[in-house]
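The values are calculated or read from the model by the stated rules, or taken from the named source; none is laboratory data. Since the model is a prediction, treat every value here as computed from it, not as a measurement. All Cβ positions, glycine included, derive from the backbone under ideal geometry; neighbour counts span all protein chains shown. Areas reflect the complete protein model, heavy atoms only, side chains present, ligands, DNA and RNA absent. Shrake-Rupley method; radii C 1.70, N 1.55, O 1.52, S 1.80 Å.
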Amino acid sequence: MTTCPKCDHETLVKTAELGDIPLDVCPGCHGIWFDKGELEALLKQSQGDVPAGFDLISPKPDVLGCPRCRTKMSRGGLVNPLLLVDKCEACGGVWLDQRELALVQKLLGLSGGAEGVRVERPAPAPAAPEEKGSPVLKYALALAAFMGLVLVSYELYVYFSPAGSVEREFSAAMTAFGALLLVGGVFGTLKFK
Ligand SMILES: [Zn+2]
Ligand SMILES: [Zn+2]
């Protein structure tokens, strides 16, 4: 779930409309988020070689927060000083609003219907059905819990037995493994009851 940096309540929707590059588009303002490398890949198609992780031209602090990592982005020129975009210096992603995208296309002579990149808000996900484990899973979890209990008990028995009375050495690793089985099994059983 990635929130649009401009619209508080919009979640970016994945689309694959620009060539084969998956983009995140806001259904509200139709801005587009390019993860690091995606914009470069797109520019490469029209401009030839574009350095990966390019720097903005005279970047200034931006009011928009990065939709991925929440860092405040920088606003500066992309390839051309007139082409102002928002870039996150932390994760390398770039945000283009709809107007900027049209400019990018014009200035760089990009083809491909980027102007038409629009997405519908996805229908709200239906309430998740109650999680029900299959009977096999339930038995497996219960069995894991039981095995864990046996394992831990046995290791504790070995641990507290007087030295030499038991053939085996106490193993912390086996105890931890048993405890893991026990806890995992119990939690799983409770979750899928
Ligand atoms: Zn938006
Ligand atoms: Zn970021």
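Side notes on the structure shown:
- Any hit, region 135-143, residues being at pLDDT below 90, outside any strand (DSSP E or B) and under 22 Å from GLY28 (Cα atoms): no
- Test for SER46: is it modelled with pLDDT under 90 and assigned to a loop (DSSP other than H, G, I, E, B): no
- Condition check for ARG70: loosely packed, with under 15 Cβ neighbours inside 10 Å, closer than 21 Å to PRO5 by Cβ and modelled with pLDDT of 90 or more: yes
- Extreme residue, surrounded by the most Cβ atoms within 10 Å (Cβ to Cβ), among residues of region 77-101 that are more than 16 Å from ligand 1 (Cβ to nearest atom) and small (Gly, Ala, Ser): GLY92
- Qualifying positions in region 175-185 - of a type in the set (A, V, I, L, M, F, W, C) and either touching a Leu at 6+ places or on another chain (Cβ under 8 Å) or open to solvent by less than 50 Å² (accessible area, probe 1.4 Å) (or both): PHE177, ALA179, LEU181, LEU182
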